[in-house]
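Report on the structure given below.
Each reported figure results from applying straightforward, stated rules to the coordinates on display, with no laboratory input. All of these numbers come straight from a predicted model, not from anything done at the bench. Methodologically, a virtual Cβ is constructed for each residue, glycine included, from the backbone with ideal geometry; neighbour enumeration extends over all protein chains shown.
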Amino acid sequence: MLFNSIEFLIFFPTVVFLYFFIPHKFRWQLLLVSSCVFYMTFIPAYILVLAVLIIIDYFAGLFIERSIGKKRMIFLLISIISTCFTLFVFKYFNFFNANLFGIAHFFHWNYSLKNLDLVLPIGLSFHTFQSLSYVIEIYNGKYKAEHNFGIYSLYVMFFPQLVAGPIERPQNLIHQFYEKHTFEYQRVVDGLKQIVLGLFKKIVIADRLALFVNQVYNSPTDYHGLSLIAATVFFAFQIYYDFSGYSDMAIGAAKVMGFNLMDNFNHPYISRSIPEFWQRWHISLSAWFRDYLYIPLGGNRVKIPRWYFNLFITFLVSGLWHGANWTFVIWGVLNGFYYVCSVATADVRKKIVEFIRLDKFPIFHKYVQIFITFCLTCFGWIFFRAKNVGDALYIILHLFSGIAGELSNSLKFLYNIQLQESFLLGQPVYEFFALILSFSFVAILYFFQKGGSDRNLLSGKSVWVRWPIYYALIFGIVFLGVSTEMKFIYFQF
Amino acid sequence: MVKLFKKLIILAFPVIIIVSIFEYNLSKIQNSYMFKKNFLDKNAPTLQVLTLGSSHALVGINPIFFSMNGFNVADTSQSLYYDYQILNKYADSLENLKVVIIPVSYFSLKYNFSSSVESWRENFYKKVWGLDSENKSSINVRNFSYMALYGQIRSLFYALKFFDVNLASNISKTGWYRLDGKETAPDSGKERVKYHESIMEESSFTENINYLKKMIELAKSKGVTVVLITTPVAPDYFDNVNSKEYNLMQNTIKKITEEYNVKYFNYFLDKNFTPDDFFNSDHLNVEGAEKFSKILNADINKEYK
């Protein structure tokens, strides 16, 4: 069940209505059943996979808490290995098998292990990470094991964040299932506003951008130059509006019922450096990797080469987490390289800025930094979006081919067919204008928000500002939304 | 909670009114599906020849040139599944039907409408014809809303014309769709073949053969002559087809025609057609359609006698 589906439009109000009308003691059961129903609308049998993971980590949590010394570590390792093994079987086995087959073929070895015919359970990477954070927190003594099996199951399965996060920590979420949430008008309205904003981002902006991006990335060899650049920049915004739209809907849905989920995005494309970008992009995942991989590896409290190595490993694993494909591995390594270069060259860059006196123009300097960071990020997205490494390399090698001619023709802009070929990417011109219109609307919205969080959209504004914007959002969804139910990009992970 | 409901109602009221106005007016817009269904509802008992099929038949067969009273019920991207469903739905009311023409294009035997890029058109079969989709899918907003079905932006354009739009204006009273001259910037034959091969799925092969057999059995049970055909294509289309796929298609049709003793006319690379007869590499234009319809009529008459 997608958040942007009719099923969810029926499912969610029903759950909310029941949630506030039944006694508090039955609410977690309602949420658990609802979450099971929500999950089973994808592939029903896969709830068994989730059940196995929940059982393993629930008991692992209890045993870790009760044990002392090496036994704690053994139970933690059992939990981590079994959880990661499940993830490996469903997500990575075929990838590694195909690569082993390729190596064996190269050396003329006899290798005949067949691929598994399995569909990746939706959101598996998200809920395995959420489960792992639970057992690790218990092992670290930062959280006590949850004894109520139902509540623990709900922690893993809570439907607003089940399939694509935000990846929550037990400290933030589990206690909320015990708290009594009354119906608070302002909170519910804030939650609904965030859902509507998320839906707008998804079906008006991200899904429309997808029309342009898919046209090029599904068949990149048909394009070159400006078209490839335009599609890549469009993808940068598509993935942001898609995932932040999903996150808004998840956070808003939880908020309506009184739950507080962590923010996942903080205007990442205004970042002035790669490290800043990773503090603003998919915050819950970045924090997970920081706390459970980067810091245990030693973080930055080690010698410099080791520090860089830790950064590289963290980004490599992050890339692999996103998908079992060399494109994601390269994307991770590339971002690791960016990050290391960013910290390693900080002093040199500062001196260069002083030398060319860019620091005398702080606003201009800021926008240069934002532009460079955005370009580097877009370059990385090429690997993220391309179907395979070959496509990605083709795109990179042809990003600027024929661009001089295209740019000179573009001077005639509105009257020139080049505009249509380079920017419209095979889409009707009205789709392009709808895109411009929706981007402009979001810009106006953020102007009123003054760059604030989506969490308290338009709070404190007068009714003359709020209601026209509400109507603009709703009519935008109704009249400019792409009516094909497109999956959220991060659902595949 | 009452306060919230009140505000939601106030907020939703204008939206509901405007959307209702759109939905009502869009539902009245004439389109090819509506036109063909209404025609069959009224005239099925008088028809003698019925043409099924996809856009190749839609633009290529003009029953006005038939010596018997004919109607073309083909539509863009229509699959063998919907051919069967339409024939099955009207089998009893087609009291005077003598011949049913079942076109089989290069892609037809492996075509799955539901997973193709044209799958949105399926909702017209649900909404207009009342036919269920081949692949049961989740609830789709297009099954409930014309605005979603036509596309919201296009709906806005229709509203600017006060919904005075006829989407079936290019369709003749015999159900044939008129394509004049040449397409301005056509895809090459290679690109068209590539597209058609992209909508072919191995898993649909058996099911499509079943639908074809069911149609033949149904027609035969009513004493109707069945004619299988493949419409003409331009050489640059033919030259790019995968010979293995083409041979599989031909061998499969041969087996079926032998099994059921029905006739198959293959005009795929008929030398009677010149480049001037084609709108693009796989669709006939007005002149081509006239030429083809006359040839087909002559061949059918030979068979029917």
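If the cut-off is 13 Å between C-alpha atoms, which aspartates and glutamates fall inside it for residue A:25, apart from same-chain ones fewer than 8 positions away?
Partners found: A:179.
Which of rounded, prolate, oblate describes the stretch B:98-168, given a ≥ b ≥ c as roots of the alpha-carbon gyration tensor eigenvalues and a/c under 1.5 marking rounded, otherwise prolate only if a/b is larger than b/c? Can you show the working numbers first?
Numbers: a/c = 2.21, a/b = 1.58, b/c = 1.40.
Since a/c reaches 1.5 and a/b is larger than b/c, the shape of the stretch B:98-168 is classed as prolate.
Pull out a ≥ b ≥ c, the square roots of the eigenvalues of the alpha-carbon gyration tensor of the stretch A:200-280, then state rounded if a/c is under 1.5, prolate if not and a/b is larger than b/c, and oblate in the remaining case.
The shape class here is oblate.
Using the structure shown, list the pairs from A:201/B:161; A:144/A:180; A:201/A:350 with a Cα-Cα distance above 26 Å, or answer none.
Beyond 26 Å: A:201/B:161; A:201/A:350.
What distance in nm lies between label points placed 7 Å from Cα along the C-beta direction at residue A:5 and residue A:463?
3.9 nm
Taking 1 over the mean of 1/r across every pair of different Cα atoms in the stretch A:1-122, what Kirkwood radius in Å do you get?
Averaging 1/r across every pair of different Cα atoms and inverting gives 18.2 Å.
Considering only DSSP beta bridges whose two residues both sit in the protein assembly as shown, what percent are antiparallel, to the nearest 5?
Percent antiparallel among DSSP bridges in the protein assembly as shown is about 20.
Who wins for biggest fluctuation among B:262, B:73, B:49 in a Gaussian network model of chain B, springs between alpha carbons below 10 Å?
The residue with the greatest mean-square fluctuation here is B:262.
Build a GNM of chain B with springs between Cα atoms under 10 Å: which of B:230, B:184, B:274 gets the top mean-square fluctuation?
B:184
I'd like to know which of A:382, A:400, A:361 lies farthest towards the positive end of the charge dipole of the stretch A:334-414, counting +1 on Cβ of Lys and Arg and -1 on Cβ of Asp and Glu.
Toward the positive end, the furthest listed residue is A:361.
Taking R0 as 56 Å, what's the FRET efficiency between residue A:100 and residue A:363 from their Cβ-Cβ distance, rounded to 0.05?
For residue A:100 and residue A:363, the calculated efficiency is 0.55.
Taking R0 as 35 Å, what's the FRET efficiency between residue A:448 and residue A:297 from their Cβ-Cβ distance, rounded to 0.05?
0.20
With a/c under 1.5 counting as rounded, go ahead and sort the protein assembly as shown into rounded, prolate or oblate using the C-alpha gyration tensor (a ≥ b ≥ c being the square roots of the eigenvalues; past the cut-off, prolate if a/b is larger than b/c, else oblate).
Details: a/c = 1.74, a/b = 1.67, b/c = 1.04.
Prolate is the answer for the protein assembly as shown, as a/c is 1.5 or above and a/b outweighs b/c.
Can you spot the aspartates and glutamates whose alpha carbon is less than 17 Å from residue B:213's alpha carbon? Ignore those fewer than 8 places along the same chain.
Counting by Cα, and skipping residues close in sequence, residue B:213 has these aspartates and glutamates nearby: B:83, B:134, B:258, B:259.
Placing +1 at every Lys and Arg Cβ and -1 at every Asp and Glu Cβ, with all other atoms neutral, what dipole size does the protein assembly as shown have around its Cα centre, in debye to the nearest 20?
2340 debye
Would you list A:446, A:246 from fewest to most Cβ contacts within 10 Å? Don't jump to the answer; show the numbers that get you there.
Working: A:446 13, A:246 28.
If I rank by nearby Cβ atoms, fewest first, I get A:446, A:246.
What order do you get for A:40, B:34 when you list them from fewest to most C-beta neighbours inside 10 Å?
A:40, B:34
For peptide B:4-17, what's the mean number of Cβ atoms from other chains within 10 Å of each residue's Cβ?
Taking the mean over all residues of the peptide, I get 2.
How high is the FRET efficiency from residue A:74 to residue A:309, r the C-beta distance, R0 30 Å, rounded to 0.05?
0.60
Per residue of B:140-147, how many C-beta atoms from partner chains lie within 10 Å of its own C-beta, taken as a mean?
Per residue, the average neighbour count from other chains is 3.
Label residue A:29 and residue A:400 with points 7 Å out from Cα along Cα→Cβ: what is the distance between them in nm?
If labels sit at residue A:29 and residue A:400, their model points lie 6.7 nm apart.
Tell me, A:62, A:9 in order of fewest to most beta-carbon neighbours within 10 Å?
Working: A:62 17, A:9 14.
Exposure proxy ranking, most exposed first: A:9, A:62.
Would you mind checking A:461/B:6; B:182/B:263; B:271/B:302; A:193/A:366; B:28/B:222 for any pair whose Cα atoms are more than 30 angstrom apart?
In this structure, B:182/B:263; A:193/A:366; B:28/B:222 exceed 30 Å between Cα atoms.
How large is the helix-only mean residue ellipticity at 222 nm for chain A, computed as the sum of -39500 (n - 2.57) over DSSP H runs with n ≥ 4, divided by its residue count, in deg cm²/dmol to the nearest 500?
Roughly -21000 deg cm²/dmol at 222 nm, from the helical runs in chain A.
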